[in-house]
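One structure is given below, encoded as structure tokens.
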Amino acid sequence: RAKSQGKSRYCVFTYDMYQQAIKLLQLENDLKRAIERQEFIVYYQPIVSLSTGRISGFEALVRWQHPSLGMVSPVEFIPVAEETGLIASIDTWVLKTACRQLRNWQEQKVIDEDVSISVNLSVRLFSQPNLLEIIDQAWRKIQLNPQNLKLEITESAIMDNSEAAAVILQQLRKCQIQLSIDDFGTGYSSLSYLHRFPVNILKIDQSFINAVEPNPRNTGLISTIINLAHTSEMKAIAEGIETPEKLAQLRDLGCDFGQGYLFSKPLAAKSIVDLLASAPQW
Ligand code: C2E
Ligand code: MG
Ligand code: MG
Ligand code: MG
């Protein structure tokens, strides 16, 4: 920022940066108490099977209801939580909450037994020696079928800790938990890890789906990712579907699942029950 401001070119620390730093410190401080103060909420966004047009699962997305700042986006606080190490307890809380919620919906009979829950895991959790224990506890306690749990990790989470990740991922697979690569196509370009790690699902990043000007090259890229998934016995999910045209295009390309505002924004659990009551189909 200093560079673009001409005169203050040589400023090392501007007032703007000072305010940024203060805000960060405040977030960091407040984040520490957010769990015990019950300020986090999990929202759920439907994942739709493009072949049946029905909801096949949900992605759990955390929200922070800050007492004075209002709703803080995960885009803002997840990086702070990662830096401070608080992410492990947040992700663990989200995992438990989402598992309980799925069980709850099953008991209320608002969903079928095969509907799944997807939970995001930060790269930081992969250096957590007791990650498997955490997952096992959250899951087994609630007595859910492990096949209904999908863990979403990014390419960089795998590549940054590839040794540890390989071990953890193999163990997770042994428990029959499903693994998704989130934001696929935006991380490292090396695809060799796909053979080494037991991945089940590629989530095509929404930047490909929502390209400002759709063009043949972009469509080719999406198609390539879908084919890559299928030739490696994986499934593909398109993120960020916002229009019926996009949905039609992705169906034509043979994409397995879709997620996006066209179907539903992420919603609080209560609103999901209302949505399900209308037996939506696309
Ligand atoms: P993500 O896992 O790739 O989640 C998808 C994001 O895209 C969500 O943003 C979702 O609200 C948004 N989205 C879904 N459909 C559409 C659409 O049609 N159009 C547009 N423009 N956006 C759409 P959200 O909820 O703000 O989350 C942002 C990111 O924060 C997530 O990206 C994930 O990386 C991270 N995150 C969220 N919850 C958690 C969590 O519990 N743990 C960790 N470690 N990360 C989380
Ligand atoms: Mg995700
Ligand atoms: Mg994503
Ligand atoms: Mg993302």
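Quick notes on this structure:
- Screening Ser51 with (1) free of Cβ contacts under 8 Å to residues at least 24 places away in the same chain; (2) in a loop (DSSP other than H, G, I, E, B) gives one miss only, at (1).
- Verdict on Ile134 being touching a residue at least 40 places away in the same chain (Cβ under 8 Å) and more than 11 Å from ligand 1 (Cβ to nearest atom): yes
Residues checked against (1) of a type outside the set (Val, Ile, Thr); (2) within 16 Å of ligand 4 (Cβ to nearest atom); (3) under 30 Å from Gln106 (Cβ atoms):
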position	(1), (2), (3)
Gln128	yes, no, yes
Lys141	yes, no, yes
Ile158	no, yes, no
Ile181	no, yes, yes
Gly187	yes, yes, no
Tyr193	yes, no, no
Lys203	yes, yes, yes
Ile209	no, yes, no
Asn215	yes, no, no
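- Of all the criteria given as (1) within 16 Å of ligand 2 (Cβ to nearest atom); (2) farther than 27 Å from Asp256 by Cα, the one not satisfied by Ile35 is (1).
- Test result for Ala138, more than 16 Å from ligand 3 (Cβ to nearest atom), surrounded by fewer than 16 Cβ atoms within 10 Å (Cβ to Cβ) and either part of a strand (DSSP E or B) or hydrophobic (A, V, I, L, M, F, W, C) (or both): no
- Residues that are open to solvent by less than 40 Å² (accessible area, probe 1.4 Å) and aromatic (Phe, Trp, Tyr) within the stretch 25-59 comprise Phe40, Tyr44, Phe58, listed in sequence order.
- Residue in the stretch 266-273 that is within 16 Å of ligand 4 (Cβ to nearest atom) and touching a residue at least 24 places away in the same chain (Cβ under 8 Å) present: yes
- Pick from the stretch 141-162, criterion open to solvent by 70 Å² or more (accessible area, probe 1.4 Å) and part of a loop (DSSP other than H, G, I, E, B), ranking: farthest from ligand 3 (Cβ to nearest atom): Gln143
- A single member of Ser73, Ser8 is among the small types (Gly, Ala, Ser), farther than 30 Å from Glu242 by Cα, modelled with pLDDT under 95 and surrounded by fewer than 15 Cβ atoms within 10 Å (Cβ to Cβ), and it is Ser8.
- For Gln38, the stated conditions do not hold, so it cannot be described as part of a helix (DSSP H, G or I), without any contact (Cβ under 8 Å) to a residue 40 or more places away in the chain and not aromatic (Phe, Trp, Tyr).
- Being of a type in the set (A, V, I, L, M), over 15 Å from the mean Cα position of the chain (by Cα), in a helix (DSSP H, G or I) and within 25 Å of Ile181 (Cβ to Cβ) is a property that Leu102 has.
- Meeting the requirement of 1 or more residues that are open to solvent by 30 Å² or more (accessible area, probe 1.4 Å) and farther than 20 Å from Phe126 by Cβ, the helices (runs of 4 or more DSSP H) wholly within the stretch 163-264 are 206-209, 216-231, 244-252.
- Any pair with Cβ under 8 angstrom, 6 or more apart, that starts in the stretch 168-188 at a residue that is on the phi > 0 side of the Ramachandran plot and ends at one that is open to solvent by 80 Å² or more (accessible area, probe 1.4 Å) and small (Gly, Ala, Ser): none
- Filtering the stretch 209-263 to residues that are within 16 Å of ligand 3 (Cβ to nearest atom) and hydroxyl-bearing (Ser, Thr, Tyr) leaves only Tyr261.
The values are calculated or read from the model by the stated rules, or taken from the named source; none is laboratory data. Being a predicted model, the structure only gives us computed values, none of them experimental. Methodologically, a virtual Cβ is constructed for each residue, glycine included, from the backbone with ideal geometry; neighbour enumeration extends over all protein chains shown. The accessibility values were calculated without ligands, DNA or RNA, using every heavy atom of the protein model including side chains. Shrake-Rupley method; radii C 1.70, N 1.55, O 1.52, S 1.80 Å.
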